[in-house]
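Taking it in order: structure first as structure tokens, then the write-up.
The values are calculated or read from the model by the stated rules, or taken from the named source; none is laboratory data. Quick caveat, the model's predicted, so the values are computed rather than measured. FYI the Cβ positions are ideal-geometry reconstructions off the backbone, even for glycines, and counts take in every protein chain you see.
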């Protein structure tokens, strides 16, 4: 009985360990890194009517974030350790676009520069600073 309990505990620890850095999307476990994350909320406000929608993607091989802010492509280095996530300086193309899209993009870039932690809630990825959700994403 003790041996069975030990095996079950090891299995549970192993399963929990496998889920670190993953999110359940429709029954599929997807890694936080390598997944394209579409922005759905910024500073508590829904991001709607952006076409195409802003997104980020984290590459674990190069430790680079790439994405789209709503008008311009962007990239940055990042550090992803445990519950911490931080971005380096964001480089972006310098194209002009509609005023509303430029506003969202500016706020998005500012939010990314302030990220200190992340959290997975259901099938969403939250990027936070001091417990405050700066940006919320869904996998696409």
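The table that follows gives values for the structure above.
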| item | result |
| --- | --- |
| Any hit, region 82-89, residues being over 13 Å from the mean Cα position of the chain (by Cα), closer than 17 Å to residue 111 by Cβ, part of a loop (DSSP other than H, G, I, E, B) and modelled with pLDDT of 95 or more | yes |
| Some residue of region 117-124 being crowded, with 20+ Cβ neighbours inside 10 Å, over 14 Å from residue 33 (Cα atoms) and in contact (Cβ under 8 Å) with a residue 60 or more places away in the chain | no |
